[in-house]
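Colleague: Please find one structure pasted underneath; my questions will follow.
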Amino acid sequence: MIAAEQRRDPLLGTARLLVESGALTPAEVLARYQRKRDDLLALAREVALLPRLTTAAAVMSPLRGPSPGSVAAEVGTPAGIRTRAEVFDGALPEEAGPLTLAQSINRALLDLLAAHPEAMVFGEDVARKGGVYGVTRGLANRVGAARVFDTPLDEQTVLGLALGAGISGLLPIPEIQYLAYLHNAEDQIRGEAATLGFFSSGRYRNPMVVRVAGYGYQKGFGGHFHNDDAIAVLRDIPGLVVASPARPEDAAAMLRTCVAAAKTEGAVSVFLEPIALYHERDLHEPGDEGWLAPYEGSDRWGATHVPIGSGRTHGDGTDLTIVTFGNGLRMSLRVARRLRMRGLDARVFDLRWLTPLPVADLLREARVTGRVLVVDETRRSGGVSEGVIAALVDAGFEGAIARVTSEDSFVPLGEAARLVLVSEEQIEEAAVRLVGRRR
């Protein structure tokens, strides 16, 4: 048995091949083996004398997150004027008028490809088709098939390619077609990308920005594979940055932030894009174009930079703070206007970043009104609202807190989806009830 295993041993097989080919003598093979043994023993003795990790802070130092200063500096470094003019074929996006969420992400991706020659966009149907929702339309024609290309319909391949590209010095921006599909390959992030820097103490890194189309409320095309809000697995990964823009102007700025963090610090980010808001134009009434926003010119990127872990407040109401994100932002803003008609003045706080949560901004906005309503389109169990409320409690917030969430359910087809997803009616009822408790 032992002899049979030795015949299969690749190390012994290599030594045998070297001797039989005349490349080395048996004595030279043994000498090399002994030298390597001595080197490893010496290294082991050296490592044994290194200081031990004795605190949680020391263990977690590789997870400290991107340096805000270096990220901000990188964000403000666009492609040159001539390069931008060429890649946009003379039609700069800041001159095009207000854009939708999908259009803003598209222009931001092209700007980033122009600014970073090592950046690449890939995924299922992103090149020839331009994505299921047209978000990557035209990119391949502008920068070439070597930098924007289609992959097989396999999420493990998509993220595996991103792993290899990142560690090789490239800047991958892979797309996962739907949030539900991410779970087919989530360990590529949890067990590989997000852990490389931790277990190597920062010596190696796997920078990437994973774009994911997700959340519910998609019209005419649903079911739990195309309408999914299961993001708990992402918020459970130490060091992972999770961005969740809702407004067009925030999406472009936050995408630049994620790419800058990847380039300067090797950060791994997941960029969650609400499908239902991709092509939304209006906020309150048809034709008001309240969900469009102009694209910032590159000279304004530094001034409009959105740091990781910073929220955004809409309105200045003093009766209630509604805390939300994603589709919840649009619903909450619509509800806030109806509340004003009822004599209740609410401000709406958009988290924007789900990991890390904007705790300092959250506390500031909560203390202004003393009442917090968390609107969470993800599930009640394991959803974002749990982290938000825990942050408030941990900080000693003594005001009133309530939450409205989607149900602990998969998202069904058709109108049945409305039965399990949080609604504007639920938000309004909860807001009136919460303010009434403290009056």
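Colleague: Select from segment 307-351 the residues that are among the small types (Gly, Ala, Ser) and assigned to a helix (DSSP H, G or I) and write down the one among them that is nearest to residue 250 (Cα to Cα).
Modeller: 328
Colleague: I would also like to ask the following. Would you please list the contacts, defined by Cβ atoms under 8 Å and residues six or more apart or on different chains, that run from a residue in segment 340-354 that is among the basic types (Lys, Arg) to a residue that is assigned to a helix (DSSP H, G or I) and crowded, with 24+ Cβ neighbours inside 10 Å?
Modeller: Here the result reads 352/254, each pair linking segment 340-354 to a residue that is assigned to a helix (DSSP H, G or I) and crowded, with 24+ Cβ neighbours inside 10 Å.
Colleague: While we're looking at this one, here's another question. Given the criteria among the basic types (Lys, Arg) and touching a Ser or Thr at 6+ places or on another chain (Cβ under 8 Å), does residue 137 qualify?
Modeller: No.
Colleague: Quick one: which helices (runs of 4 or more DSSP H) sit completely within segment 1-103 and have at least 2 residues that are assigned by TED's automatic domain parsing to the domain that holds residue 201 and touching a helix residue (DSSP H, G or I) at 6+ places or on another chain (Cβ under 6 Å)?
Modeller: Hits in segment 1-103: 68-75, 81-87.
Colleague: State the number of residues belonging to segment 171-206 that are surrounded by 18 or more Cβ atoms within 10 Å (Cβ to Cβ) and among the basic types (Lys, Arg).
Modeller: Total meeting the criteria: 1.
Colleague: For the condition over 14 Å from residue 313 (Cβ atoms), over 18 Å from the mean Cα position of the chain (by Cα) and either surrounded by 24 or more Cβ atoms within 10 Å (Cβ to Cβ) or at pLDDT 95 or above (or both), what is the one hit in 379, 347, 371?
Modeller: 371
Colleague: Give the residue that is farthest from residue 76 (Cα to Cα), with candidates limited to residues of segment 231-252 that are assigned to a helix (DSSP H, G or I) and either of a type in the set (Gly, Ala, Ser) or out of contact with any helix residue (DSSP H, G or I) (no Cβ under 6 Å at 6 or more places or on another chain) (or both).
Modeller: The qualifying residue farthest from residue 76 (Cα to Cα) is 232.
Colleague: Can you confirm whether residue 312 is farther than 29 Å from residue 158 by Cβ and out of contact with any Phe, Trp or Tyr (no Cβ under 6 Å at 6 or more places or on another chain)?
Modeller: yes
Colleague: Just to be sure, is residue 225 of a type in the set (Phe, Trp, Tyr) and either over 30 Å from residue 424 (Cα atoms) or in contact with a Pro (Cβ under 7 Å, 6 or more places away or on another chain) (or both)?
Modeller: Criteria not met by residue 225.
Colleague: Scan segment 39-76 for residues that are surrounded by 13 or more Cβ atoms within 10 Å (Cβ to Cβ) and modelled with pLDDT under 90 and report the count.
Modeller: 3
Colleague: Can you tell me which of (1) over 22 Å from residue 148 (Cα atoms); (2) in a helix (DSSP H, G or I); (3) in contact (Cβ under 8 Å) with a residue 24 or more places away in the chain is the one residue 299 doesn't meet?
Modeller: All conditions pass for residue 299, except number (3).
Colleague: Just to be sure I understand, how many residues within segment 180-223 are assigned to a helix (DSSP H, G or I), closer than 20 Å to residue 243 by Cα and either among the aliphatic types (A, V, I, L, M) or outside the structural domain of residue 271 (by TED's automatic domain parsing) (or both)?
Modeller: Looking only at that region, the number is 5.
Colleague: Is it the case that segment 120-134 has a residue that's farther than 30 Å from residue 218 by Cβ and assigned by TED's automatic domain parsing to the domain that holds residue 240?
Modeller: No, the conditions are met nowhere in segment 120-134.
Colleague: I need every pair where a residue in segment 144-171 that is touching a residue at least 12 places away in the same chain (Cβ under 8 Å) and in a loop (DSSP other than H, G, I, E, B) has its Cβ under 6 Å from the Cβ of a residue that is of a type in the set (S, T, N, Q) and surrounded by fewer than 21 Cβ atoms within 10 Å (Cβ to Cβ), sequence separation at least 6 or different chains.
Modeller: 151/157
Colleague: Here is a follow-up. Quick check on segment 279-296: of everything there that is within 22 Å of the chain's Cα centre (by Cα) and not hydrophobic (A, V, I, L, M, F, W, C), which residue is surrounded by the most Cβ atoms within 10 Å (Cβ to Cβ)?
Modeller: 295
Colleague: Another question, if that's okay. Quick one: would you say residue 255 is in contact with a Lys or Arg (Cβ under 9 Å, 6 or more places away or on another chain), in a helix (DSSP H, G or I) and not basic (Lys, Arg)?
Modeller: For residue 255, the condition - in contact with a Lys or Arg (Cβ under 9 Å, 6 or more places away or on another chain), in a helix (DSSP H, G or I) and not basic (Lys, Arg) - is met.
The values are calculated or read from the model by the stated rules, or taken from the named source; none is laboratory data. This is a predicted model, so every value here is computed, not measured. Heads up, the Cβs are rebuilt from the backbone with ideal geometry, glycines too, and the neighbour counts pull from every protein chain shown.
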